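Engineer: Handing you this structure, nothing more for now.
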Amino acid sequence: MVSWKLSSLLLLSLRALSASAAIEVEKVQEAVAEPQTPNLNVAVAVSFPQSEIFGVKLINGHATEARLSISNKEPTPIGVTIVGGSLIEEVGGKSQIVRNLTSQRYSIEIPAGAEETVPYKFSTDVHPRALRLQLVTILRDSNKVLHTVSAYNETVTVLEAPTSFFDPQILFLYLVVLGAFGGIVYFVYNTWISSFFPQKKGRGKGGERAKRSSAGTKKVDPADQVAVVGADGPAVTSGAKAYDESWIPASHLQRPEAKRVRSGTPKTKPRP
């Protein structure tokens, strides 16, 4: 009975030791897989060629270039594997990640005592405000161990891209707005405003045109009227004489007298 109890206790202790050993192995593996804290003798400086003298400004929709100057002060070469970063906002005294930037992989080896410049480009698309930009790089030493090194951790300003009047999208928007405004104005004018203005009348029919044409004519003085006798009878013409009478014979200027013609058959006188 006693031996059975001892064997049971021994079995339980062996299981506990194996479980603790497995946990320790997992911890060691996780520690090796994850990048270690920087124990390398390196110096990293970051510059922004497109930045202004008043601070770094990130334009939404435009790529921003950061240049990492890495100086290797180790006696052995090191390698640059990854460069990434994030935008952080301070809320209530706590750091909150607003946006993680795109990470880029590299296969750059920096010899001992040398310096190498690593370009890193990223773009932003967040609400314009002041944020903290944090850039990190992961380096690999000669023993293939990864180390995380902080490259930049400063406050930057995020801005919207300036709009240009010659932007095709802005021009199309202006045309659409102007067309809609013109249509509204035309509708309002024809519906309400045009009724307040007098309408222009047409020329009308022939009688009305004759009345309007005769209304502006000058009246004829009776003294200027000239009687003309023709085959159809006497007629009266208006206006001054249109010919010179000096060269016409006087006999021709006399008006002929009209002869009376008896109607019917003549009566014969009776013979005495």
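The values are calculated or read from the model by the stated rules, or taken from the named source; none is laboratory data. For clarity, every value in this text was computed on a predicted model and none was experimentally measured. Please note: Cβ atoms are built from the backbone with ideal geometry, for glycine as well, and neighbour counts cover all protein chains shown.
Engineer: Run down Ser123, Ser103 and say which single residue is surrounded by 13 or more Cβ atoms within 10 Å (Cβ to Cβ) and under 19 Å from His62 (Cβ atoms). Break it down stepwise before answering.
Structural biologist: Numbers: Ser103 fails: under 19 Å from His62 (Cβ atoms).
Unique residue meeting the criteria: Ser123.
Engineer: Could I ask something else about it? Within the bounds of the range 165-181, is there any residue that is touching a strand residue (DSSP E or B) at 6+ places or on another chain (Cβ under 7 Å) and farther than 30 Å from Val91 by Cβ?
Structural biologist: no
Engineer: Do we find a residue being among the hydrophobic types (A, V, I, L, M, F, W, C), modelled with pLDDT under 95 and within 37 Å of the chain's Cα centre (by Cα) anywhere in the range 65-80?
Structural biologist: no
Engineer: Could you list all residues from the range 93-134 that are basic (Lys, Arg) and over 28 Å from Pro75 (Cα atoms)? Can you show your working first?
Structural biologist: First, pick out the residues of the range 93-134 that are basic (Lys, Arg): 94, 99, 105, 121, 129, 132.
Lys94, Arg99, Lys121, Arg129, Arg132 - these are the residues of the range 93-134 that are basic (Lys, Arg) and over 28 Å from Pro75 (Cα atoms).
Engineer: Of the residues in the range 142-192, how many are surrounded by 12 or more Cβ atoms within 10 Å (Cβ to Cβ), assigned to a strand (DSSP E or B) and not hydroxyl-bearing (Ser, Thr, Tyr)?
Structural biologist: Going through the range 142-192 one residue at a time, the tally reaches 8.
Engineer: Only one residue in Val98, Val118 is in contact (Cβ under 8 Å) with a residue 40 or more places away in the chain and either surrounded by 12 or more Cβ atoms within 10 Å (Cβ to Cβ) or outside the structural domain of Gly55 (by TED's automatic domain parsing) (or both). Which one?
Structural biologist: Val118
Engineer: Would it be correct to say that Leu139 is under 18 Å from Leu40 (Cα atoms) and either part of a strand (DSSP E or B) or of a type in the set (Lys, Arg) (or both)?
Structural biologist: For Leu139, the condition - under 18 Å from Leu40 (Cα atoms) and either part of a strand (DSSP E or B) or of a type in the set (Lys, Arg) (or both) - is met.
Engineer: Another question about this same structure. If Phe54 meets every condition in (1) more than 13 Å from Val156 (Cα to Cα); (2) modelled with pLDDT under 95; (3) of a type in the set (Phe, Trp, Tyr) apart from one, which number is that one?
Structural biologist: (1)
Engineer: So for the range 135-155 (the condition being at pLDDT 90 or above, within 34 Å of the chain's Cα centre (by Cα) and in the same structural domain as Val98 (by TED's automatic domain parsing)), does at least one residue qualify?
Structural biologist: Looking through the range 135-155, at least one residue is at pLDDT 90 or above, within 34 Å of the chain's Cα centre (by Cα) and in the same structural domain as Val98 (by TED's automatic domain parsing).
Engineer: Turning to a different aspect of this structure: Looking at Ile108, Ile59, Ile70, Ile82, can you tell me which residue is in a strand (DSSP E or B), among the aliphatic types (A, V, I, L, M), in the same structural domain as Asn143 (by TED's automatic domain parsing) and more than 25 Å from Asn39 (Cα to Cα)?
Structural biologist: The conditions single out Ile59.
Engineer: Which numbered condition trips up Leu139, out of (1) among the hydrophobic types (A, V, I, L, M, F, W, C); (2) touching a Lys or Arg at 6+ places or on another chain (Cβ under 6 Å); (3) surrounded by 14 or more Cβ atoms within 10 Å (Cβ to Cβ)?
Structural biologist: Condition (2) is where Leu139 drops out.
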